[in-house]
Ligand code: SF4
């Protein structure tokens, strides 16, 4: 899509914040520009920085398994993935508020071009800076709403799949169970939306 390519080209050499210093390349987004579902994550990681694609490492494998899981069943061709910031922070730290603010106009334009019908916000930073919420992510998981081009769009807040890759075995198991419960809700909403179309 021309509009999307133009936005990507505009940010390819961006230096609006200091994160340009730690990137190999911008990690713009991946998926069909006509996707009905947008996954909004926090920042590119090491693998993503090398490939230019979000969720290209082990977290991407887990995400693929989640999308294909029974009761979720969201086809990958109907999903577009983007991050709050386009550049990998040094040592994979979280992006700072100033960096997220610097990339926010791009984020809003990016969303307006894709015009998703359902957004899944993955992790703490989308919770704070996209949904404007405070508190513990685990307790804040669930449905919200945002406006895209004047249309109300449902947003589900859940964990970033990467957060279920590390930690103690019991912790990983618990996180995966909670994530699966969340994704079944998202899958049900997706199916209802697809049936109406
Ligand atoms: S994170 Fe966004 S605002 Fe900062 S340099 Fe990268 S593209 Fe520009």
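Here are the numbers for this structure:
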read-out: Enumeration of residues in the range 141-159 that are surrounded by 16 or more Cβ atoms within 10 Å (Cβ to Cβ) and outside any strand (DSSP E or B); value: 141, 159
read-out: Top-ranked residue in the range 55-75 [being modelled with pLDDT of 95 or more and either within 16 Å of the ligand (Cβ to nearest atom) or closer than 26 Å to residue 112 by Cβ (or both); ranked as surrounded by the most Cβ atoms within 10 Å (Cβ to Cβ)]; value: 74
read-out: Residue check for residue 91: within 16 Å of the ligand (Cβ to nearest atom), out of contact with any strand residue (DSSP E or B) (no Cβ under 8 Å at 6 or more places or on another chain) and modelled with pLDDT under 95; value: yes
read-out: Meets criteria (in contact with a strand residue (DSSP E or B) (Cβ under 7 Å, 6 or more places away or on another chain) and more than 13 Å from residue 43 (Cβ to Cβ)) for residue 126; value: no
read-out: Any hit, the range 127-138, residues being touching a residue at least 24 places away in the same chain (Cβ under 8 Å), more than 16 Å from the ligand (Cβ to nearest atom), surrounded by fewer than 18 Cβ atoms within 10 Å (Cβ to Cβ) and over 14 Å from the mean Cα position of the chain (by Cα); value: yes
read-out: Pairs, first over 20 Å from residue 39 (Cα atoms) and free of Cβ contacts under 8 Å to residues at least 40 places away in the same chain in the range 85-101, second assigned to a helix (DSSP H, G or I) and more than 12 Å from the ligand (Cβ to nearest atom), C-beta under 9 Å, six or more apart; value: 97/128; 97/129
read-out: The lone exception for residue 119 - which of (1) surrounded by 22 or more Cβ atoms within 10 Å (Cβ to Cβ); (2) within 13 Å of the ligand (Cβ to nearest atom); (3) more than 21 Å from residue 47 (Cα to Cα) it fails; value: (2)
read-out: The range 12-48: number of residues that are within 13 Å of the ligand (Cβ to nearest atom) and surrounded by 21 or more Cβ atoms within 10 Å (Cβ to Cβ); value: 9
read-out: Test: residue in the range 111-119 that is modelled with pLDDT of 95 or more, more than 17 Å from residue 26 (Cβ to Cβ) and in a strand (DSSP E or B); value: yes
read-out: Within the range 129-153, tally of residues that are over 22 Å from residue 100 (Cα atoms) and touching a strand residue (DSSP E or B) at 6+ places or on another chain (Cβ under 7 Å); value: 3
read-out: Every residue from the range 94-109 that is touching a helix residue (DSSP H, G or I) at 6+ places or on another chain (Cβ under 7 Å), away from the ligand (no atom under 11 Å from the Cβ) and not in a loop (DSSP other than H, G, I, E, B); value: 109
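Residue-by-condition table, conditions (1) modelled with pLDDT of 95 or more; (2) in a helix (DSSP H, G or I); (3) within 17 Å of the chain's Cα centre (by Cα):
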site	(1), (2), (3)
5	yes, yes, no
20	yes, yes, no
25	yes, no, no
38	yes, no, yes
47	no, yes, yes
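The values are calculated or read from the model by the stated rules, or taken from the named source; none is laboratory data. All figures in this text were calculated on a predicted structure; none of them were measured in a lab. Counting neighbours? That spans all protein chains shown, and the Cβs are built from the backbone with ideal geometry, glycine included.
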